Amino acid sequence: MAGNSARRNRRTSNKKGAQVGSGGQRRRGLEGKGPTPPAEMRKGHAKQRAAQAKARKAQGRQGGPRRGGKGGSSELVVGRNSVVEALREGVPANTLYVQQFIDNDDRVREAVRLAGERGGIHLMEAPRPELDRMTSNLNHQGVVLQIPPYEYAHPDDLTAVAFDEGEDPLIVALDGVTDPRNLGAVVRSVNAFGGHGVVVPERRAAGMTAGAWKTSAGTAARTPVARATNLTRALEGYQKAGLTVVGLAADGDADLTDLDALDGPVVVVVGSEGKGLSRLVGETCDLRVRIPMPGGAESLNAGVAAGVVLYEAARRRR
């Protein structure tokens, strides 16, 4: 009896280590993974992208600039006049660097004041050698403004938002446009005439730099710009979604004033002023259209050309 009691005590003693078990994994495995989440919560689903795009657009309407995101990179605006102008125009920024022991003239004081009034911009004092290193020895005049990376939309986001609002998409795609000021002008026109966004190629094309932001006169905060890895494939995707792809060309087959396609879902493709549409993009277009110019000009820059077409589209959609 004493031996049996001793064996029972050993079995129940806390001195022995923890017993090896499944740790509850078998039980949890039998419970399953739960119900399938809704489409808006599934990563990569078209409805999730549409919901995210709608949220970004709503944020833009409240005046919040889109920041961060794939494909963008930080940018520096250098020089007292350039920094003050960027801050006046509402270019998004996260840090204002001011050189230590700098002579505080009117422009330096205004830059500091504007950054303080904006809110969300860090004010950093840095020695001149550090600013020289940051700017690769550019003539920064003791003032440097850091612009955060721009958050580009996905090309599908532009159509998703339009369809979600019950509207026919009106999109402008830029082919070979390398001047950021032209991109900014197009963004401004898209916003003015009720368009749903701009698409630019990832390579060999203008991006949303400080120059583009300034030219857009603040409308870049409310108008999404999407970046396409391959513009031709992006246009083919729009065609599958029911959009007509219209390319602007001096030798186009149709006149802009006769273009009924502007009444419905459409993508207007604008090429560079010198070379026009690239071969593959031109071949992808459903229609090639010319803008009548009685004055005899050979071509228009991208910003002006897009503005003319967008005005015609807005006039037809009233």
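Quick rundown of the values:
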item	result
Residues of the stretch 244-289 that turn out to be buried (at least 16 other Cβ atoms within 10 Å of the Cβ), among the hydroxyl-bearing types (Ser, Thr, Tyr) and closer than 14 Å to ALA305 by Cα, as a count	1
Some residue of the stretch 203-216 being under 18 Å from the mean Cα position of the chain (by Cα), exposed (fewer than 15 other Cβ atoms within 10 Å of the Cβ) and modelled with pLDDT under 95	yes
Members of the stretch 130-167 found to be of a type in the set (Asp, Glu) and touching a Pro at 6+ places or on another chain (Cβ under 7 Å), listed by number	ASP157
Check on ARG227, open to solvent by 20 Å² or more (accessible area, probe 1.4 Å), free of Cβ contacts under 8 Å to residues at least 40 places away in the same chain and at negative phi	no
Candidate set from the stretch 167-176 (those that are open to solvent by 10 Å² or more (accessible area, probe 1.4 Å) and assigned to a loop (DSSP other than H, G, I, E, B)); member that is farthest from VAL270 (Cα to Cα)	GLU167
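For (1) modelled with pLDDT under 95; (2) within 30 Å of LEU280 (Cα to Cα); (3) open to solvent by 30 Å² or more (accessible area, probe 1.4 Å); (4) β-branched (Val, Ile, Thr), each residue gets a yes or a no:
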position: GLY116; (1), (2), (3), (4): yes, no, yes, no
position: GLU125; (1), (2), (3), (4): yes, no, yes, no
position: VAL161; (1), (2), (3), (4): yes, yes, no, yes
position: ASP164; (1), (2), (3), (4): yes, no, yes, no
position: THR178; (1), (2), (3), (4): yes, yes, yes, yes
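The values are calculated or read from the model by the stated rules, or taken from the named source; none is laboratory data. What you see is a predicted model; the values in this text were computed from it and never measured. Methodologically, a virtual Cβ is constructed for each residue, glycine included, from the backbone with ideal geometry; neighbour enumeration extends over all protein chains shown. Heads up: the accessible areas ignore ligands, DNA and RNA and are worked out on the full protein's heavy atoms, side chains in. Shrake-Rupley method; radii C 1.70, N 1.55, O 1.52, S 1.80 Å.
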